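J.: My questions will all concern the structure given below.
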Amino acid sequence: MTTFLISGGRGLVGKSLAQMLRRQGHKVYKLTRYPKRKGHVQWNPEKQSIDEKHLHKVEVIINLAGANIAERKWSKNRKVELINSRVSSINFLKSSAKKMPKLNYYISASGINCYGYNKHTEKIESDEYGDDFLSELVQEWERASNSFQEVCPVAILRIAMVVDKRGGALQKIMKTVRLGLGAPLGSGKQYLPWIHIKDLCRMFLYCIEHKKEGTYNAANGYISNEEFMRTLTTKMKRPFFFPAIPRPILSLFLGEMSTMLTESLKVSNEKIKNAGFEFFHLNFDSAITEIVKKEA
Ligand SMILES: NC(=O)c1ccc[n+]([C@@H]2O[C@H](COP(=O)([O-])OP(=O)(O)OC[C@H]3O[C@@H](n4cnc5c(N)ncnc54)[C@H](OP(=O)(O)O)[C@@H]3O)[C@@H](O)[C@H]2O)c1
């Protein structure tokens, strides 16, 4: 049995991951600003305070904390919040690691949108960061995580769009599809990297069990936006509209954030596969079939 501390553990990924770890007999503490039950540890990274009671037991940290990227438009202030909620939290967590004598591994979420956008080549982990806002955010986020190497081995998962009907982007898209409003976005030709929640949790566990270090793209694959919507609407037995929702409309409502939906990104998942990890879902059809089946 290993004792885990998951920062941001009450979020979409944290809930599934904690459930998987607990089923395997591990002890999980969730680090949260708003504790609601036993097993929650309170912190306030802004005020640099943390409940120290259980820290001496922690062996592995899983860092998932950060203000939600897609929650609201990226104003200047919001951009600062998106960065600080990640970087300052990690820095504070690192200073709190002094109270964790058993800590032997740190693994953190990061984002796949770090290479800039591209239509042609599959990006690999050693490629350069892009120069758009998300790339800059990820670069700072990863720099903070990598500074944990002063304390213990570090792994970073560059997470693609998480496919889970209980939250995140897919939940919102499924709502519009249920209303009969499923349509591609922008040109519909842009590629979107994705990962099924179960494979993401399995990947975290794999890295932890095998003490993998370094940075890994966490994506089952990538799919064009049109294909994504066509597959989803077909599985949900709802209409699929074409032409697509035009880019300027998305930009009007979402501002700079719309680039996440309208620009193209292809990424390779060879590095984690070469490290021995096997994805459960080999294509988007399989992932969506499982999700929609569970809904029925
Ligand atoms: N879901 C995706 O598609 C996706 C894709 C790429 C990367 N990621 C990254 O993976 C991580 C986990 O994703 P998720 O979908 O589980 O995110 P989520 O549901 O938004 O949960 C993130 C957690 O971070 C904590 N948090 C929010 N604002 C914070 C702040 N200002 N300071 C400290 N903690 C704060 C919250 O915990 P409390 O409210 O309990 O404190 C929240 O539950 C995130 O960092 C996210 O950016 C997610």
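The values are calculated or read from the model by the stated rules, or taken from the named source; none is laboratory data. Since the model is a prediction, treat every value here as computed from it, not as a measurement. When we count neighbours, we look across all protein chains shown, and the Cβ atoms used for this are built from the backbone with ideal geometry, even at glycine.
J.: Of all residues in the range 115-164, which are within 29 Å of residue 229 (Cα to Cα) and among the hydrophobic types (A, V, I, L, M, F, W, C)?
T.: Across the range 115-164, the qualifying residues are 124, 133, 134, 137, 138, 157, 159, 160, 161, 162, 163.
J.: Then there is this: When you look at residue 172, is it in a helix (DSSP H, G or I), within 17 Å of the chain's Cα centre (by Cα), at pLDDT below 95 and not polar (S, T, N, Q), yes or no?
T.: Details: in a helix (DSSP H, G or I): yes; within 17 Å of the chain's Cα centre (by Cα): yes; at pLDDT below 95: yes; not polar (S, T, N, Q): yes.
Against the criterion (in a helix (DSSP H, G or I), within 17 Å of the chain's Cα centre (by Cα), at pLDDT below 95 and not polar (S, T, N, Q)), residue 172 qualifies.
J.: Just a yes or no: is a residue in the range 113-122 near the ligand (Cβ under 8 Å from one of its atoms), β-branched (Val, Ile, Thr) and under 15 Å from residue 193 (Cβ atoms)?
T.: Within the range 113-122, the first condition is being near the ligand (Cβ under 8 Å from one of its atoms), and the residues that meet it are 113.
If we keep only those that are β-branched (Val, Ile, Thr) too, we end up with none.
The answer is no; no qualifying residue exists.
J.: Another question, if that's okay. So how many residues does the range 272-287 have that are over 18 Å from the mean Cα position of the chain (by Cα), surrounded by 13 or more Cβ atoms within 10 Å (Cβ to Cβ) and not in a loop (DSSP other than H, G, I, E, B)?
T.: Counting residues in the range 272-287 that are over 18 Å from the mean Cα position of the chain (by Cα), surrounded by 13 or more Cβ atoms within 10 Å (Cβ to Cβ) and not in a loop (DSSP other than H, G, I, E, B) gives 2.
J.: Which is touching a residue at least 40 places away in the same chain (Cβ under 8 Å) and out of contact with any His (no Cβ under 7 Å at 6 or more places or on another chain), of 249, 245?
T.: 245
J.: All but one of (1) assigned to a loop (DSSP other than H, G, I, E, B); (2) over 17 Å from the mean Cα position of the chain (by Cα) hold for residue 165, so report the exception by its number.
T.: It fails just one condition, (2).
J.: Search the range 106-119 for residues that are farther than 11 Å from residue 217 by Cβ and pair each with any residue that is away from the ligand (no atom under 12 Å from the Cβ) and in a strand (DSSP E or B) when their beta-carbon atoms are under 7 Å apart and the residues are at least 6 apart or on different chains.
T.: 106/61; 106/154; 107/155
J.: Quick one: which residue in 123, 102, 79 is touching a strand residue (DSSP E or B) at 6+ places or on another chain (Cβ under 8 Å), within 25 Å of residue 265 (Cβ to Cβ), in contact (Cβ under 8 Å) with a residue 24 or more places away in the chain and of a type in the set (D, E, K, R)?
T.: 123
J.: How many residues are more than 13 Å from the ligand (Cβ to nearest atom), of a type in the set (D, E, K, R) and either farther than 13 Å from residue 48 by Cα or surrounded by 20 or more Cβ atoms within 10 Å (Cβ to Cβ) (or both) if we restrict to the range 81-100?
T.: Looking only at that region, the number is 2.
J.: So, residue 208, is that one over 24 Å from residue 121 (Cβ atoms), surrounded by fewer than 19 Cβ atoms within 10 Å (Cβ to Cβ), out of contact with any helix residue (DSSP H, G or I) (no Cβ under 6 Å at 6 or more places or on another chain) and among the β-branched types (Val, Ile, Thr) or not?
T.: Criteria not met by residue 208.
J.: Scan the range 182-200 and give yes if some residue there is under 23 Å from residue 79 (Cα atoms) and either surrounded by 20 or more Cβ atoms within 10 Å (Cβ to Cβ) or more than 16 Å from the ligand (Cβ to nearest atom) (or both), otherwise no.
T.: Looking for residues that are under 23 Å from residue 79 (Cα atoms) and either surrounded by 20 or more Cβ atoms within 10 Å (Cβ to Cβ) or more than 16 Å from the ligand (Cβ to nearest atom) (or both), one finds at least one in the range 182-200, hence yes.
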